[in-house]
Structures are given as C-alpha cells and as structure tokens.
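Okay, structure first, notes after.
The values are calculated or read from the model by the stated rules, or taken from the named source; none is laboratory data. It should be emphasised that the depicted structure is a prediction, and the values quoted were computed from it without experimental measurement. Glycine gets a Cβ as well: all are built from the backbone with ideal geometry, and neighbour counts include every protein chain shown.
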C-alpha cells in the first residue's frame with residue numbers, strides 16, 4: 001500500500017489518540033494470570049495487541065473483545081499451553097513477556113515471528129535458560145524450556161526493558177523471593193515502572209529501590225477492572241504535526257499526569273520553542289518557528305523517528321543522544337531515517353550513540369519515501385509530508401497496522417490531504 005500526503009489547511013484542528021499499546025499488553029498479561037474475570041476498558045486494538053491476545057488464547061485464556069470492553073477469563077495460569085507454535089507477529093512485547101511465563105510452566109514452548117522479530121536480541125533469556133534447560137532458535141522458531149530457579153538476577157540496563165518486565169510478570173509466581181539488579185546506565189526505566197504499576201492493579205507487590213527490584217514469591221494475581229490511558233507515543237506524531245504545519249492542535253486522550261516515558265515529547269518541543277498547554281481536555285499545541293531539538297532518547301527510544309523528521313523542519317541543528325537502541329527495532333531506525341531524510345536535502349550525521357540533523361524550515365514535498373516495514377517510520381514520514389505543499393508518497397504504508405490501524409483516518413480528520421491506495 002502507498003499513502004500520498006500533503007498540507008491542506010492551517011485551521012485549528014483536533015484529534016483523539018488511541019489507547020496505549022504498552023499499557024494494553026501489560027493489562028492483558030496481568031488479567032491472564034488472575035483467576036476469574038478481569039475487565040479492561042479502552043484496550044488498544046492493533047496487530048501487536050492481537051498477537052498477545054492470540055498467544056494467550058493458545059495458553060487457554062478466554063478473551064472477548066467488544067466495542068465497549070475486553071473481558072479476560074482465566075483459571076489463574078497459562079498451564080493449558082500445549083506446545084503449539086505461537087506466532088508473535090512483529091511484537092517484541094508479546095515474545096519477551098511470554099518467554100519466561102510459558103517456559104516456567106515446565107513445558108517445551110515454541111515461538112516464531114514476522115519481519116525482524118526473531119533477529120532482535122534475546123540474549124538475557126538465552127543466558128537464563130540455555131544452561132539449565134533449552135534455548136534454541138532454528139529456522140525462525142525459538143524453542144525454550146526451563147525454570148526460574150534463581151533468587152538473584154542481573155540485567156544490563158542498556159538493553160530492552162522488556163526483559164525486565166518479562167521477569168517481573170513471572171517471578172511473583174515462584175515459590176521463593178527474587179531480586180533483580182539492573183546494571184547502570186539504565187534506559188527505558190519508565191517502561192519498567194509502567195509494568196510495576198500494572199502489576200499493582202492485579203494485587204502483585206513489587207518494590208523498586210533505584211536499580212534494585214524486590215519481588216516476593218508465593219503471590220497470586222487478582223482480577224481487576226482497568227481503563228487504559230491514551231498513548232503518548234502516538235500523541236507525539238500529532239504534536240509534531242501541529243508544529244510542522246504551524247497550526248493549533250488539540251490532542252485529546254492524553255493524561256497531563258502521564259508517567260509514560262514518551263510524555264517527554266512535551267518538554268522536548270517546549271525547549272525548541274513550541275507552546276504546549278496541558279489541560280483537562282488534552283494538549284493544546286502550536287508554534288510559529290522551531291529551533292533545534294535536543295533530546296536524550298535513552299528513556300523514550302520510540303520518539304526517535306518522529307523527532308528526526310521534526311528536526312528536518314527546524315531552523316537550527318538538532319542533537320539526539322543515547323540513540324543506539326534504535327538500530328534494533330522493527331528496522332534499523334537510524335539507517336532508515338537517514339536514507340529518507342536525506343531525500344529532503346537535510347544533513348544527517350551519526351555516531352555510535354548520537355545523531356545530528358541540520359534541517360530546512362521550508363520543505364517543498366514531492367518526495368518518494370520508503371516505509372521500511374516499520375510503523376513508526378511510516379507515521380513519522382507521513383507527518384513530515386503533511387507540512388509540504390506538494391504531495392509525498394510513502395510506500396509500505398500498511399505497516400501502521402502494527403500499532404495504529406486508524407492513523408491515516410485520524411490524520412485525514414485533521415484536515416490533511418491523505419490518499420491511501422494499492
């Protein structure tokens with residue numbers, strides 16, 4: 001699929017962002033481990049979430065999704081899993097959250113995935129299970145079996161927080177207390193805290209003291225009712241749209257007290273000259289001119305593609321630090337954005353853990369972009385194109401289904417010209 005996008009209107013506009021994908025994953029896992037019925041309202045529905053739903057169904061969990069709510073019926077464990085291959089799609093959260101949970105049932109577990117998923121790092125789990133069990137990837141299928149017998153785990157802080165979250169879901173169910181030490185420097189700490197918050201809603205006690213996490217054993221998940229908050233990572237695209245189009249935008253569904261790491265977008269753009277008001281209605285965003293951006297992406301790597309695209313429209317040099325993990329996502333997001341943004345004439349420089357972008361305030365458009373099979377690359381390029389007078393084409397636009405199937409419809413509703421076609 002291709003999407004043609006161009007600037008259409010400078011009138012004030014508004015949009016409502018979908019529910020948080022990260023919180024939705026966590027709510028589903030917690031509900032699946034709670035004996036009884038849990039009710040999750042405003043669940044995000046996209047390819048990644050459906051990967052988790054289907055995987056949990058294979059483990060014997062009953063999940064019913066309607067327009068109003070998601071009801072999860074569970075016997076309190078994933079013990080009904082029968083070793084069939086679980087396809088995690090392109091969802092790193094689904095794979096990394098479920099490996100320790102299913103492996104610790106004592107059964108042989110098999111996983112596969114799409115895109116680059118099975119190439120993405122799994123070294124922490126390999127170290128855990130390879131010595132005392134099975135951990136083997138062959139022909140795109142991961143086979144794993146083992147027990148979480150250790151009481152003390154050491155995890156590097158500069159890798160995906162999903163490994164820590166996966167352990168946090170499983171360790172409260174063990175018959176012993178556990179402790180995790182995260183070795184500094186720690187990236188994506190907000191995602192670990194998000195997991196701890198989700199666990200607390202299901203009655204699980206976990207305590208983090210700086211880089212140590214204490215997990216009492218012998219715990220039981222309890223059924224709960226929850227309303228999933230709006231997704232700050234998706235709100236970031238519309239914040240950028242308002243700034244690129246130099247118009248006022250009201251972004252609904254964003255919690256001004258959000259603890260999501262990607263809420264950092266608000267402070268990042270404020271420092272570059274944007275005006276952002278956080279109200280009970282949502283975020284009001286506008287700006288006449290953007291100067292260079294400065295951002296540490298260690299705790300908010302998903303903002304990278306959109307910030308890079310926004311930097312292409314800034315009047316001064318932008319500098320981004322702690323970017324290395326962007327190379328290990330659905331695409332190499334640094335290489336992908338360098339390839340696409342250089343088509344606009346901007347200057348893109350990189351080091352191992354830094355990116356510098358020299359932008360151009362006035363981009364004419366008419367670009368032929370590639371989406372690199374990466375939802376965040378596609379959305380970032382579409383937002384960039386929305387500020388150009390001539391239409392630009394983004395090839396591979398169907399990738400948005402991974403996290404935000406309604407993205408182009410919502411973009412069109414902001415009075416931006418959008419055409420999606422084969």
Worksheet item: Is it true that some residue in segment 116-136 is touching a strand residue (DSSP E or B) at 6+ places or on another chain (Cβ under 8 Å), within 30 Å of residue 399 (Cβ to Cβ) and assigned to a strand (DSSP E or B)?
Response: yes
Item to complete: Return the only residue of 165, 178 being more than 17 Å from the chain's Cα centre (by Cα) and either crowded, with 21+ Cβ neighbours inside 10 Å or free of Cβ contacts under 8 Å to residues at least 24 places away in the same chain (or both).
Response: 178
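Tally the residues that are in a helix (DSSP H, G or I), over 19 Å from residue 240 (Cα atoms) and in contact with a helix residue (DSSP H, G or I) (Cβ under 8 Å, 6 or more places away or on another chain), restricting the search to segment 398-422.
First, the residues of segment 398-422 that are in a helix (DSSP H, G or I): 398-402, 407-413.
Checking which are over 19 Å from residue 240 (Cα atoms) leaves us with 398-399, 401-402.
Then drop every residue that is not in contact with a helix residue (DSSP H, G or I) (Cβ under 8 Å, 6 or more places away or on another chain), which leaves 399, 401-402.
Summing the residues that are in a helix (DSSP H, G or I), over 19 Å from residue 240 (Cα atoms) and in contact with a helix residue (DSSP H, G or I) (Cβ under 8 Å, 6 or more places away or on another chain) in segment 398-422 gives 3.
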Worksheet entry | Residue ranges of strands (runs of 3 or more DSSP E) in segment 222-317 with at least 2 members modelled with pLDDT of 95 or more and within 21 Å of residue 405 (Cα to Cα) | 249-252
Discussion item. Return the residues of segment 59-71 that are free of Cβ contacts under 8 Å to residues at least 24 places away in the same chain and not in a strand (DSSP E or B); say none if nothing qualifies.
Written reply: 60, 66, 67
Response to the item:
Those residues of segment 342-385 which are under 23 Å from the mean Cα position of the chain (by Cα), buried (at least 20 other Cβ atoms within 10 Å of the Cβ) and assigned to a loop (DSSP other than H, G, I, E, B) amount to 371, 372, 374
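Name the residues in segment 185-210 that are assigned to a loop (DSSP other than H, G, I, E, B) and modelled with pLDDT under 95, would you?
In the first step, residues of segment 185-210 are kept if they are assigned to a loop (DSSP other than H, G, I, E, B); the result is 185-188, 202-206, 210.
Result: 185, 186, 187, 188, 210.
To keep it simple, each residue is scored yes or no on (1) assigned by TED's automatic domain parsing to the domain that holds residue 416; (2) in contact with a strand residue (DSSP E or B) (Cβ under 8 Å, 6 or more places away or on another chain); (3) closer than 21 Å to residue 299 by Cα; (4) crowded, with 24+ Cβ neighbours inside 10 Å.
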residue	(1), (2), (3), (4)
238	yes, yes, yes, yes
241	yes, yes, no, yes
248	yes, yes, no, no
255	yes, yes, yes, no
261	yes, no, yes, yes
Worksheet item: In this structure, does residue 14 turn out to be in contact (Cβ under 8 Å) with a residue 40 or more places away in the chain, assigned by TED's automatic domain parsing to the domain that holds residue 330 and within 27 Å of residue 301 (Cα to Cα)?
Response: yes
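Yes/no matrix, rows are residues, columns are (1) in the same structural domain as residue 160 (by TED's automatic domain parsing); (2) more than 14 Å from the chain's Cα centre (by Cα); (3) under 23 Å from residue 108 (Cα atoms); (4) in a helix (DSSP H, G or I):
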| residue | (1), (2), (3), (4) |
| --- | --- |
| 27 | yes, yes, no, yes |
| 30 | yes, yes, yes, yes |
| 39 | yes, yes, no, no |
| 43 | yes, yes, no, no |
| 57 | yes, yes, yes, yes |
Practice prompt. Quick one: count up the residues across segment 192-230 that are touching a residue at least 12 places away in the same chain (Cβ under 8 Å) and closer than 15 Å to residue 30 by Cα.
Written response: 24
Discussion item. Test of understanding: among 390, 386, which residue is in contact (Cβ under 8 Å) with a residue 60 or more places away in the chain and either more than 18 Å from residue 251 (Cα to Cα) or out of contact with any strand residue (DSSP E or B) (no Cβ under 7 Å at 6 or more places or on another chain) (or both)?
Written reply: 390
Discussion item. Against the definition (assigned by TED's automatic domain parsing to the domain that holds residue 245, closer than 24 Å to residue 297 by Cα and in contact with a strand residue (DSSP E or B) (Cβ under 6 Å, 6 or more places away or on another chain)), how does residue 400 come out, yes or no?
Written reply: no
Worksheet item: Is one or more of the residues making up segment 99-110 surrounded by fewer than 21 Cβ atoms within 10 Å (Cβ to Cβ) and under 26 Å from the mean Cα position of the chain (by Cα)?
Response: yes
Response to the item:
Every listed condition ((1) part of a helix (DSSP H, G or I); (2) in contact with a helix residue (DSSP H, G or I) (Cβ under 9 Å, 6 or more places away or on another chain); (3) modelled with pLDDT under 90) holds for residue 147 save (1)
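Confirm whether residue 269 is in contact with a strand residue (DSSP E or B) (Cβ under 8 Å, 6 or more places away or on another chain) and closer than 25 Å to residue 371 by Cα.
Against the criterion (in contact with a strand residue (DSSP E or B) (Cβ under 8 Å, 6 or more places away or on another chain) and closer than 25 Å to residue 371 by Cα), residue 269 qualifies.
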